[in-house]
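Contents: one structure, followed by commentary.
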Amino acid sequence: MFDDLIMPPADKILSLMPIFRQDSRSNKIDLGVGVYRDASGTTPIPRAVREAEKRIHTAQTTKAYVGPAGDPVFCDLIGRLVFGEAAPWERIRGIQTPGGAGALTVLAGLISLARPGAAVHVPDPTWVNHVSILEDNRLRVVTYPYLDSRTGEVDFDALLDHFSRSERGDIVLLHGCCHNPTGADPSRSQWQALAKIIAERGLVPLVDIAYQGFGEGLEDDAFVVRLLAGMVPEMLVSSSCSKNFGIYRERTGAAFILAANADRADATKAQLTVRARVVYSMPPDHGSAIVRTVLEDPALAADWRAELDGMRSNILSLRQGLAASFRRFTNGSDYDFLAKNKGMFSLIGLTPREAVMLRERHAVYIVEDGRINVAGLQASQIDTFAEAVLAVRGI
Ligand code: PLP
Ligand code: TYF
């Protein structure tokens, strides 16, 4: 049965993890996989998360099944974090999922059920797993132009032009904030113009929000979700707690749908729950119990928000330091976009060959497409990194 199976191509991000681990050079720098790191290079467990885990350990009386839709209280709390209080709640439903990837999987299954073979427009470039998950659900992936590589910002004219020619009913995948891998997000006025086209042309938004709180803050980062929820009859949202709660391996997220009315919302949620049941039966509980415990306790929630603010400002200061370092070494402004990008990622503008050179000669690990995880840098490594990038580029 297995005779015809060939090795699949490696995931260009995850495959770096074991190679980095095995590298014995003491000066190695890991800017590969997208996890936040603090000044000591570790991915911290937030204080509020640790406290919540203690409380769960003491108070939990059972490990019995939670059900395919997960914990409704968790869904409500995350729903409010994402959509805000003023959303059309009578038309929104959500289920708890194993991470943002689990949410995307059930949502892709739902789209495929409702409209087999539908076209889903994704930014070029996007997170590799978007394409894999959508194609795995037999959806047709179409790319839309996204980045102006000369400026490191969104090529908004090209993007608008693409959507003004898209077919009614097509699905549009948007990164809610902190675009992966470019770090380039539309401005508020650009989001407004894009939302208007989406509404006018009857496109269906699928917003993936995996870094809420890492760009401009918890509320500001949800801008486009909240904007669209007030403008369109139908939308889908995948939300991840991996980064903002620092609970990556606990696999915690949620999938939401907005439907035309309450009856449609109930039926759609029931179908989404069937997707969950047939793919993984039920989501794990521990991560959602942590999030619920934190968000239900005002003191823990405030502490979590403060720690998240700290992560964001640390990334911002690394970005500013990086842009300043490149300015010094190049006497130019080519890398100023690094200070403007949002979240953990930016494209540093290296070819795959140069990215490999960076790893082999300088022990700096970045993704082959030139993506860096800015949060992987420590302040003391900024100049070393900038010099290494310029060296492999022959500058
Ligand atoms: N969406 C994007 C854009 C991501 O970068 C990630 C990262 O892991 C996810 C979704 C899913 O995250 P997770 O499944 O770990 O919650
Ligand atoms: O982009 C990243 O680095 C994170 C982690 O198949 C990740 O989103 C990367 C690849 C993958 C799953 C998760």
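Each residue of the stretch 174-189 was assigned a 3J(HN,Hα) from its phi angle through the Karplus curve 6.51 cos²θ - 1.76 cosθ + 1.60 (θ = phi - 60°); the sequence is 10, 7, x, 6, 6, 3, 10, x, 8, x, 8, 10, x, 6, 4, 5 Hz, with glycine and proline shown as x. Estimated purely from DSSP H runs of n ≥ 4, each contributing -39500 (n - 2.57), the mean residue ellipticity at 222 nm for the chain is -13500 deg cm²/dmol once divided by its residues. At full extension, R188 and D309 could sit 41.5 nm farther apart than now, given 0.36 nm per residue minus the alpha carbon distance.
Straight-line reach from K340: which lysines have Cα under 27 Å away, leaving out those fewer than 8 places along the same chain? By straight Cα distance, K340 reaches K12, K28, K196, K243. In terms of packing, defined here as the mean over residues of other Cβ atoms within 10 angstrom, the peptides 358-364, 173-179, 15-21 line up highest first as 173-179, 358-364, 15-21.
Within the chain, DSSP assigns beta bridges of which about 45% are antiparallel (rounded to the nearest 5).
Distance from the alpha carbon centroid of the stretch 355-389 to that of the stretch 70-143 works out to 32 angstrom. The relative contact order of the chain comes to 26 percent, based on Cα pairs under 8 Å that sit 6 or more residues apart. Tilt of helix 286-296 relative to the longest C-alpha principal axis of the chain, in degrees (0 to 90, nearest 10)? Orientation of helix 286-296: about 80 degrees from the principal axis. Close amide H contacts of V141 (hydrogens built in the peptide plane, cut-off under 5 Å, sequence separation of 5 or more or a different chain): V120. Cβ-Cβ distance of A119 and T330, R₀ of 45 Å, FRET efficiency by 1/(1 + (r/R0)^6): the value works out to about 0.60. Taking amide H as placed 1.01 Å from N in the peptide plane, D170 has its amide H under 5 Å from the amide H of V204, each at least 5 places away in sequence or on another chain.
Rule-based calculations on the coordinates, nothing more; no lab input. From a predicted model like this one, the values you see are computed outputs, not experimental measurements. Neighbour counts run over all protein chains shown; Cβ positions are idealised from the backbone, glycine included.
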